[in-house]
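See structure below.
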């Protein structure tokens, strides 16, 4: 006999996405923070050991904790909202995969409103430019008095363009893969099995799709890290040319090992936690 489905804890689909996304973001960013720190230090222009090596791998975690929940919540509210819009009868010439790419792209742009300032503060603490997230934030906010509000705002959003350029291709690769793997899994089931994938299955599919997307977008991640750590602002094109001329092409894949491992594990934790929380909130 089939078990009766539970009543949803939260009826609003937008609130479900908001809460499940917040749980997922906080879980992944706090649990895998040391790997993110090592990746940042490997990509730093000052070098791994000068940036702190294996010491203080939790430097900057305060900003990650503050920014994780709202950033992930914004992403999933937008992502699921776009999916629901097209699922309600709207037609897309790009097909199902195209809808997932569009939804993920818009979700990332929304999330970057929170993620970019968080990343700037976090990475400056990780690279030991400042002893803590609070110190990095105080330094940036203090520039309002000497350089004006506009300059301070630009510092908070240093690397906005390259972050969006990195995140959009990443999600365009990861989320259609993740959705495709979930759809494949559901096709393998008999009618008596659950109507949705479990958190554990979603975690496995998230790890695979995350690893592929991470490896392919590492050069963009290197550029993003260098721009956020730079003492002076520089365009993405100018920075790319300078790195290529001074350090060679191999540097664009600095930190690919920790990045791929971190995002593969992180993709599993993030999407697994999201599906788990979403299933509970939806009563699945």
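Shape of the stretch 13-282 from its Cα gyration tensor (a ≥ b ≥ c, root eigenvalues): rounded if a/c is under 1.5, otherwise prolate when a/b > b/c, or oblate? Judged from the Cα gyration tensor, the stretch 13-282 comes out prolate (a/c at least 1.5, a/b above b/c). Once you have a ≥ b ≥ c as the square roots of the Cα gyration tensor eigenvalues for the stretch 154-284, tell me rounded if a/c is under 1.5, and otherwise prolate or oblate according to whether a/b is larger than b/c. Taking the square roots of the gyration eigenvalues as a ≥ b ≥ c, the stretch 154-284 is prolate.
In the chain, helices alone account for a calculated mean residue ellipticity at 222 nm of -25000 deg cm²/dmol, with every DSSP H run of four or more residues adding -39,500 (n - 2.57). Ordering 151-164, 198-211, 233-246 by mean Cβ neighbour count within 10 Å, with the highest value first, yields 198-211, 151-164, 233-246. Once each part is reduced to its C-alpha centroid, what is the distance from the stretch 1-70 to the stretch 141-207 in angstrom? What the calculation gives is 11 Å, centre to centre. Taken along the Cα-to-beta-carbon direction at a fixed 7 Å, the label points for residue 198 and residue 253 span 3.7 nm.
Annotation: peptides 256-266, 117-127, ranked by per-residue average of other Cβ atoms within 10 Å with the highest first, follow the order 117-127, 256-266.
Just so you know, all these numbers are worked out from the coordinates, no wet-lab data involved. On a predicted model such as this, the values are computed, not experimentally measured, just so you know. As a convention, Cβ positions derive from the backbone with ideal geometry for all residues, glycine included, and neighbour counts pool all protein chains shown.
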